[in-house]
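Participant: Here it is, the structure, as structure tokens.
The values are calculated or read from the model by the stated rules, or taken from the named source; none is laboratory data. What you see is a predicted model; the values in this text were computed from it and never measured. As a convention, Cβ positions derive from the backbone with ideal geometry for all residues, glycine included, and neighbour counts pool all protein chains shown. Surface accessibility is based on the protein's heavy atoms, side chains included, excluding ligands, DNA and RNA. Shrake-Rupley method; radii C 1.70, N 1.55, O 1.52, S 1.80 Å.
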Amino acid sequence: GMVSGEVRDHAELSVRMFNEGIESMGRGDVAWACAAFYKAVEEAVKALAIANNLNEAREALVRDRWTMGLLDSAARRLGDTAWCAWVHGYFLYTEGFGEGRLDAESVRARIPIIEPLIQEVRKLLGQ
């Protein structure tokens, strides 16, 4: 149905952006990698929130947009894997992409924290 299609759209974008983050690190584009990893986490949280029928997902549907507050709350409610990935992904976005203050090692150190969330999304997609 429509909802599973929406889940799939967010999930596929999440996986694609995670892969883009890895590729960006490989060519030394740390700032873009930070943006890609954040987007991967954001889309993963949306996919899992919708799949799990969280209140935050219903609220986002009513508002026709996801706010930072809804994403943060959904990530927390989805459990430690999502919550840790969200916190570190947001840090990458603000400090690495926004401010350009992070070196490659600081970014690379966070990949193992983000990747388990992406694995959850791959499971949703049957990958």
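Participant: For residue 23, what charge total do you get from the other residues with a beta carbon under 14 Å from its beta carbon, if Lys and Arg give +1 and Asp and Glu give -1?
Facilitator: +2
Participant: Filter the trypsin sites (Lys or Arg not before Pro) in segment 1-63 down to the DSSP loop ones having no more than 13 other Cβ atoms within 10 Å, then list what survives.
Facilitator: Here the trypsin sites (Lys or Arg not before Pro) that fit, given the DSSP loop and packing criteria, are 27.
Participant: On the accessible surface of the chain, probed at 1.4 Å, how many percent belong to carbon and sulfur atoms?
Facilitator: Whole-percent figure for carbon plus sulfur exposure: 50.
Participant: How much accessible area per residue does the chain have, in Å², with a 1.4 Å probe?
Facilitator: Counting only protein heavy atoms, the per-residue value for the chain is 52 Å².
Participant: Please sort by residue number the GluC sites (Glu not before Pro) in segment 22-127 whose DSSP state is loop and whose Cβ has at most 10 other Cβ atoms within 10 Å.
Facilitator: Listed in order of number, the matching sites amount to none.
Participant: Could you tell me whether segment 75-114 comes out rounded, prolate or oblate from its Cα gyration tensor? Rule is a ≥ b ≥ c as square roots of the eigenvalues, rounded for a/c under 1.5, then prolate if a/b exceeds b/c, otherwise oblate.
Facilitator: Oblate is the answer for segment 75-114, as a/c is 1.5 or above yet b/c matches or exceeds a/b.
Participant: Can you tell me the FRET efficiency between residue 87 and residue 12 if r is taken as the Cβ-Cβ distance and R0 is 30 Å, rounded to the nearest 0.05?
Facilitator: Calculated transfer efficiency: 0.80.
Participant: Shifting gears a bit: Could you grab the Rg to Rh ratio for the chain? Cα atoms only, Kirkwood for Rh.
Facilitator: Using only Cα positions, Rg/Rh for the chain is 0.97.
Participant: If I take every Cα pair under 8 Å that is 6 or more residues apart in segment 20-73, average their sequence separation and divide by the length, what percent do I get for the relative contact order?
Facilitator: 23
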